[in-house]
1. For the stretch A:422-518, with the dipole built from +1 on Lys and Arg beta-carbon atoms and -1 on Asp and Glu ones, taken about the Cα centre, which of A:Phe443, A:Ile483, A:Gly495 lies farthest toward the positive end?
2. Run the quick spin-label model on A:Asp756 and B:Ala89: label points 7 Å from Cα toward the beta carbon, then report their separation in nm to one decimal.
3. At 222 nm, what helix-only mean residue ellipticity would chain A give, in deg cm²/dmol to the nearest 500, using -39500 (n - 2.57) for each DSSP H run of four or more?
4. Which three extents, in whole angstrom, do the alpha-carbon atoms of the protein assembly as shown cover along their principal axes, largest first?
5. Could you tell me the convex hull volume per residue, in Å³, taken over the Cα atoms of the stretch A:710-797?
6. Could you count how many Lys pairs in the stretch A:43-156 have their Cα atoms under 16 Å apart, skipping same-chain pairs fewer than 8 positions apart?
7. Taking each pair of distinct Cα atoms in chain B once, what is the resulting Kirkwood hydrodynamic radius in Å?
8. Only four residue types carry charge here, +1 at the Cβ of Lys and Arg and -1 at the Cβ of Asp and Glu. Report the dipole size of the protein assembly as shown about the Cα centre in Debye, rounded to the nearest 20.
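Values quoted throughout were computed directly from the atomic coordinates according to the rules given, and no laboratory measurement underlies them. What you are looking at is a predicted structure, and each value in this text was computed from that prediction instead of being measured. Using ideal geometry, Cβ is built from the backbone for each residue, glycine included, and neighbour counts are taken over all protein chains shown.
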Amino acid sequence: MKIPMKWIREYAGIPVDAETYMNKMIMIGDGVEGYERLGAEVEGVVVGRVLTCDPHPNSDHLHICKVDVGEAEPLQIVCGAPNVAAGQLVPVAKNGAHLPGGVTIKKGKLRGEVSEGMICSGEELGCPPELYPNIWEKGILVFNEDYPLGADVRPILGLDDTVMDFEVLANRPDCLSVWGIARETAVALGTEFKKPEITVTETGKGDISDYVRVEVRDTDLCPRYVARVIDNVRVGPSPKWLREYLYGAGMRSINNVVDITNFVMLETGHPMHAFDLDKVEGHHIIVRRAKEGEFITTLDGKAHTMQAGQLAICDAAKPSCVAGIMGGEESEITGSTRQVMFECAVFDYAATRLTSRALGIRTESSGRFEKGVNIRTPLEAMQRACQLIHDLDAGDVVPGIIDLYPNPVPDQVVTGSCARIARRTGVDIPPEEIVRILEQLHFGVRRDGDSLTVTVPDFRQDITVGEADLSEEALRVYGYDEIPGTLLRGETTPGGRSERMRLRDQVTDLLTGMGFLEIMNYSFVSPKAIEKLGLPADDPRLNQLPIRNPLGEDTSVMRSTLVPDMLRTLALNMNHGNEAVRLFEASTVYDPAHRTAENLPTETQKLVLGAYGKAENFFTLRAVAERLLRQLGIEVTVERDGAPYLHPGRTARLVSGGETVCLIGEVHPEVRDRFEMSARALIAELDLDQIRRLRTPMGVVKPMPRYPSVSRDLSLVMDERTEVGPLLRDMAAAGGAILEDARMFDVYRSPILGPDRKSVAFSFVFRAPDRTLTEAEIGKAMEKLLKAAEEKHGAVIRA
Amino acid sequence: MGMRETIDQMRQMMSQELEKVCDKQTLEALRVRVLGKKGELTALLRGMGQLSPEERPAAGQLINDAREKFTAMLEARQDALRAMERATALQRENIDVTEPAPLPPAGSAHPVNIVMREMVDCFTGMGFEVVEGPEIELDHYNFELMNIPKNHPARDAQDTFYIDDNIVLRTHTSPMQARTMLTRKPPIRIICPGRVFRSDEADATHSPVFHQMEGLVVDRDVTMADLRGTLNAFAERVYGKGITTRFRPSFFPFTEPSTEVDLTCSACHGKGCRVCKGTGWIEVLGAGMVNPRVLEMCGIDSTVYSGFAFGIGLDRIAMMRYAVPDLRLMYEGDARFLGQFR
């Protein structure tokens, strides 16, 4: 909320500069975004009188003026404005003066004639029409009033104030007002808050009941409605001070009557509305929920169809105002308005918010109602408005007030202990100090030893939990800076990371050690992304949880797999010209079909690896997955067939104890095309929750071998289609207990072997823990594993 | 010629020959020529039979001395030859050690997780336990128990993603406060890092997905001073010596009193710079004393226990620490960006 400092100063002293003031306010909890010095760029511009005005000898439009600026000699100024004339009182930028936009005025010559300054237009001074009427009409600014020659023009133009921009906390709607801010200012700076004395002079005839009847049908949405009537309304421009205040607060000046309602809203926090009573059919105001399809054209000229249930201020026939949000065009105040009804009501915050959203209208008024307007203070605001009507001679206030307030809210009383109030803050605030602070904040305080009985001022609605609130009030004024730092006391707790986090950290360490970069994608995706994977129709991942109010189609469902995002990210890196990358993402996927006991979708932690580049192939990524799993104590076997979105000949499952723990492979060319990937890529999918379940601890070390080992190499020739993995597995099993290690070390293909044949070389290591093995034992073991190779896989020793 | 002269001659010959020897074979030939079975010195030994018994011991001594001497000379030469060979080999194996070699690819955790882990380390060291909760959360925990009643503006669809009337994407990590208090007894010291969601369009400083870390302490007699002490310790551990906190009054529905917490700007150490917009402080987190109403709703007697809670925005901290100009870079996955972190 923007407020000119002059306005605050009317009610609380500010004996410090704007910067200090801002910091003091911040430190008692009234946020300040910043401040702006109006007219900050204007300097050295004074009031001058044009004594003579003669045509320039070398120009058909310039004039040479003698201008008296209150100095010994008049200045000679060459002026090009068509409206310049002798006798005018004008703003004069003297030699060395500064104007907005970094302009500096220097003495010089114009077409051979000396010019010692410049006569300014309103625009050149950066003065808005709100502050000086008709200021932007063609040519120089001509003052209508008399001012001393040589006087600084800034105060005249309202360019001598500083506007503070407050950032009011959600629980302090009372500070969305000048009075609220002035109260806080007085506390922050130790000055006094003085509210204006409000007296209403009633010069109107009769009683309000002669003019209007008000009926509130839906008191749940309108718990209080205050109305007064002004007769013989004299609509006209507002005085300069009122225009300046409104301008500083960021509002436009309309006319005296409307400006008063806005002024009162800004000053008291109570939105008001003014109805042209002649346009209120039947002179009957009915506050009721609109009927479906009722129609209103609002002040901004836009037509709205109201929905059933939205609150409207109606006349006998139709809605005349969208309650708390915007008035209707028909009952708008105009130059011909004779009688006005002022409304100062309280509307339900939630209902106002819903209606404001539904109709797409946001106003200063609706914003205040949404945050909560105080039900106990609208009468005061109404009286303030009527006082101003009289003071500005804008009409005759009619005696009588309508105040429909069926369920008055009583004073709120809170009790508490001084010791506990202070204890919570961690600062030793003495009881007398607590009392002093609360009184300064306008609380009514009765202290009896340690116990306090506190009456909450009517403008504070945020004091709802008692002692804790009083702690905050005491502390914020005493000073948050005073809070000392103490370390936790009491029973210690073991602390530590969760098992889930430890695993995630371990996986991150292992993968980053192998050159992987961690990526993060949004949890929501386009429903189209998963379609690109070409999953079978019954795949459970096709069922993705929709968000009811997504930002857009592209982020409308919760992802059931990390794969599409990984593919998209790989494609992005390819398109950005990154030659080779290794990426991983460890994140949650969501399954709406399986619900928890609380009916929440199941969340599973998944891990996806992705890689491409010259050095990458199926085996490099499989090795990473195997290494990762082995480090976590999970031994796997490789089995053919993985996922449908992977290359059918280059996809596999890593299986442990009958469970698939990893799907891995090269991305299917079709899928690659759909994701617009320009190169082959590999991905692997794992399930961190499953890994957490399957992982095994390391256990104890094996004894160091005491007897020598014996190695035997073997080349077997077999059909090209024979899979080496199962072959090696079977040979290892046949090798018996003395076989310590079995591995493949070469594959050889040659026409000599015959068509579709390959020769595979293996190395076996034998060792017994308790003896040196004999040739016979090793020979027997080799025989067995050879037999297994031949019988199960048709692999025979290379001749 | 006497024996002594003969041996002297032999020695001279050997010295001269050894000088010339530059390979093992020649050396061996020389050894055989002098010390071999048919060698010159061996022949001398054999010739001893012709000497008188009185002469023999001295002659024997002379020959043995010569054998030892010649063996030593041969060995010395052999050692020298070996050293020369090794030197040549080393010379031959010389490489250009300045030649650039491809590095193994550098991996890295995501910047948000780098920051998260640092903080987790810091708080677990102070006895905090990590708890993790669901990302898709019941309205009840996300709002109701956090003292954000129905129709509160924070629950607006403009801020919150809804799955249905009762289920939302959690808008903060705070619901884990409620879940923890409902299932544990004080003393409670937990942190809850995780992913949260707000209905914000992505731009340079906003993201619909971001990360927070919640902290909660509930015990007897916990005060704002404990909150400050804990956060001061955190500031120093994570940002270095001399970094401290500034508390500013604020408002959150689930804490009372509430505070915004600024840390000394680590770029200028509080002097004021571009990073902190001249204030010397960086706004880092929100915190406060747990609202007694929240304690009561979660089944904790607020007349016996009090607590503090804080919530840190991790993306923002990562952004500031690494001067990341646009938050969207964090979620784009470009290796040129991610590859810079370590």
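1. The residue sitting farthest along the positive end of the dipole is A:Gly495.
2. 5.2
3. After summing the helix terms and dividing by residue count, I get -7500 deg cm²/dmol.
4. In descending order, the Cα extents are 165, 81, 73 Å.
5. With only Cα atoms used, the stretch A:710-797 gives 78 Å³ per residue.
6. Values: A:Lys66/A:Lys94; A:Lys66/A:Lys107; A:Lys66/A:Lys109; A:Lys94/A:Lys106; A:Lys94/A:Lys107; A:Lys94/A:Lys109.
So the count of such lysine pairs works out to 6.
7. On the way: mean 1/r = 0.0372 Å⁻¹.
Computed over chain B, the radius equals 26.9 Å.
8. Numbers: 133 positive and 165 negative charges, 1050 e Å.
Dipole of the protein assembly as shown, to the nearest 20 debye: 5040 debye.
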